[in-house]
Each structure stands twice: as C-alpha cells, then as structure tokens.
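I have placed the structure first, in the form of structure tokens, so that the comments after it can refer back to it.
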Ligand SMILES: NC(=O)c1ccc[n+]([C@@H]2O[C@H](COP(=O)([O-])OP(=O)(O)OC[C@H]3O[C@@H](n4cnc5c(N)ncnc54)[C@H](O)[C@@H]3O)[C@@H](O)[C@H]2O)c1
C-alpha cells in the first residue's frame, strides 16, 4: 500500500504531539525531520520512526523521498515555507494559523495555480473528523433545522497555570498574528466553515479584542502583548448572523457553547473533547407540545484522533485525489474574518470582508 512520505519541519511542542501520525501504520510516514535546534530534532526523531535529520528545511524541500511536508514551525514561517514547498512540488499540511493575513492566503492560492495537483490543508481542521461535527454538518446541509438564522459560538477557557512559560514568538503579533485570536480562532472558524458549508460566506464583521492581563501577582500570563479575548458579530451573505466570542484567563469558569438556531429546530454542539457533553442536543417544537429536547449520541471528538486528523486527512486526500476537509479557499474566509476582526477592533467600525 502506498504511503505518503513526509518531511517534518519543526520539532517543537506540537510536532511531538503529532508524532503518532507517522508511526500509526496508516497512510503517512516521516522520512526526514528538519529543525534549526539540533537537540529538539534529536529528541523527536525516534518518535517519528527515526527519519534523517537536517538543520536546513530547504534540504527537505529538495529531497526526492518527500511527497509532502508537515510545517510545525512558528506562524511567521508558514508563508515562506508553504510557498517554497509548493514551488518544490510538495503537498503541505501547515499548522494553524495557516497564514498571518488574508493577503498571504491569496499568495498561496496564486502559487497553487501553477501546481493544481498539490493538496494543501491547515491543522485547524483537527476537530472535523468527530461524528458530532459530521452529523451537525449533515443536518445543516439537509436543512434539518430549517433555515439557519443564528449561530452563537462561545468559548471561555481558564488561566494558564502560574509559572507557565511560552516561546517568545507567541507574545509578538508580527510573529503570531495575534494572541488567542490566532491561536484558537482558526479552530473556531474552521469548525464553523465545515459545519455551515455554503452558509459560511462571511461578509461583514464588527468586533473587539482585548489583551491578557494578570489575575493575581502570581498568575501572570506569559503573553501580555497579544489579545486574550475577542468578541465579534459576523454577518454572512445568506443573512445568517454569527456571534463569536472567545475569552481566556479571567475570573470565571470555563464555558463551551455552540448554538445553531433555525426556523424548524435548534442544535447545541461542541467541537473539542468534553466528557461531560453526551452528544449533540436537538430542540424542536411539535404542534402545541412543549419544546422537545433530544440528545443525539455520536462519536464525539477525542484527543488522539483529533490531534493527528490533519495529517491523516491530507494523506487520504492525496491518495484519493480529492480536496481535504480544509482547503486554501476555507482559509481565505477564515483569514478574511481575522483581518476584519483586528481592523474592526482598531477602528471601532464594522468592516467588510474582501472576497
Ligand atoms: N503548542 C501547541 O500546543 C500547539 C498546538 C496546536 C498547534 N500549534 C501550532 O504549531 C506551530 C508550532 O508551535 P509549537 O508550540 O510546536 O512551537 P515551538 O516553538 O515549540 O516549536 C517550533 C519549532 O520550530 C523550530 N524552528 C524555528 N525556525 C525554524 C526553521 N527556520 N527551520 C526549522 N525549524 C525551525 C524551532 O526550533 C522549534 O523547535 C504554531 O503554528 C502553533 O500555533 C501549537
């Protein structure tokens, strides 16, 4: 059975979590690993199945034993590495955020015009393989909720543990794009793009962002120079309106609510592994009866499958010659929203998203 041979670029935190994708005996193997940090590469290589180690990623791109690259480097390197990989004829799985701006996504789309056979996806697609995501997507496509008019997507997560340290690139908007908006925002928007399908045609965004701040003298987040919370109203071409809110590091409990509301029914969903949530919850009125609430059990997200899904998905897309579940066109919309959010927060005006 043909396996897709990967060059892994970057041997940091996420590449260590992803190692299983290349040793689990499915469609993907790692043949070469590149990192400028030799110690990091030496530590990760055995877990990847002991590929060759190089320090210059260009050697990966020139390697004829590489079909695809997995880019696990900091975000400001995603654009040059993706463009160079495409020019070298390699498929690309890029960690999230895909790029730093929508203009950079356009550059990728333009580069792919000369190599339309290449598949490119972003690891923000981690949570799309869960049964709950697939079922929610099918219900929306089948109009099982009638005409969808409102989505409310709210994720609130706790503070980092005292003493948490993160690499400096995370605290630098020029290297990371933003803070939580670029760290978790791509997951949120990718899930919405996948589940909403053709309804996800964002047109206008009005939003705010705010930075992290210390909660106590002991509990100071490692990132103070980037956003730690965002709130946006997104208006789509179809008239669907989306409330998107994500907050981190505050005095308050976690909250994870995704609510889809249509003219014939409602659906509560979740996108991350959450043992306390048994499945999707469907709501509908039938005649004069009280609201009927039905739990729809399905395979929920789990960490192991979610983590490696982008690599599994890219390899299957290459082998089946089909589009992966996340495409550059999806990332054009996702980064259009992120650009518009930051501009709206800066100008305090609603911002139209470029096509
Ligand atoms: N840390 C997480 O939990 C997590 C989760 C999901 C996605 N991500 C994403 O994965 C990417 C990497 O994050 P991370 O946390 O693993 O970062 P990290 O800082 O731990 O690792 C990045 C690695 O890239 C290497 N690197 C830097 N420049 C390089 C170059 N020119 N050539 C080769 N290697 C180079 C560094 O030496 C380092 O080992 C980011 O886009 C991040 O958003 C991280």
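The values are calculated or read from the model by the stated rules, or taken from the named source; none is laboratory data. Being a predicted model, the structure only gives us computed values, none of them experimental. As a convention, Cβ positions derive from the backbone with ideal geometry for all residues, glycine included, and neighbour counts pool all protein chains shown.
Conditions (1) more than 16 Å from the ligand (Cβ to nearest atom); (2) farther than 20 Å from residue 105 by Cα; (3) in contact with a helix residue (DSSP H, G or I) (Cβ under 7 Å, 6 or more places away or on another chain), marked per residue:
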residue	(1), (2), (3)
166	no, yes, no
170	no, yes, yes
193	yes, no, yes
210	yes, yes, no
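Could you list, in sequence order, the residues of region 279-299 that are touching a residue at least 60 places away in the same chain (Cβ under 8 Å) and over 20 Å from residue 143 (Cβ atoms)?
279, 299
Yes/no per residue for (1) more than 21 Å from the chain's Cα centre (by Cα); (2) in the same structural domain as residue 348 (by TED's automatic domain parsing); (3) under 30 Å from residue 119 (Cα atoms):
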site	(1), (2), (3)
242	no, yes, yes
245	no, yes, no
248	no, yes, no
268	no, yes, no
281	yes, yes, no
286	yes, yes, no
291	yes, yes, no
301	no, yes, yes
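Spot the failing condition for residue 129; the list is (1) within 16 Å of the ligand (Cβ to nearest atom); (2) under 22 Å from residue 74 (Cβ atoms); (3) surrounded by 15 or more Cβ atoms within 10 Å (Cβ to Cβ), and only one is missed.
Failing condition for residue 129: (2).
Of 355, 289, 298, which residue is more than 26 Å from residue 99 (Cβ to Cβ) and out of contact with any strand residue (DSSP E or B) (no Cβ under 9 Å at 6 or more places or on another chain)?
Values: 355 fails: more than 26 Å from residue 99 (Cβ to Cβ); 298 fails: out of contact with any strand residue (DSSP E or B) (no Cβ under 9 Å at 6 or more places or on another chain).
Selected residue: 289, the only one of 355, 289, 298 that is more than 26 Å from residue 99 (Cβ to Cβ) and out of contact with any strand residue (DSSP E or B) (no Cβ under 9 Å at 6 or more places or on another chain).
Mind checking which residues of region 15-63 are crowded, with 19+ Cβ neighbours inside 10 Å, within 10 Å of the ligand (Cβ to nearest atom) and touching a residue at least 40 places away in the same chain (Cβ under 8 Å)?
Result: 15, 18, 57, 60.
Being in a helix (DSSP H, G or I), under 18 Å from the mean Cα position of the chain (by Cα) and within 13 Å of the ligand (Cβ to nearest atom): is that true of residue 82 here?
Yes.
Of the conditions (1) under 25 Å from the mean Cα position of the chain (by Cα); (2) within 14 Å of the ligand (Cβ to nearest atom), residue 68 clears all except one; give me its number.
(2)
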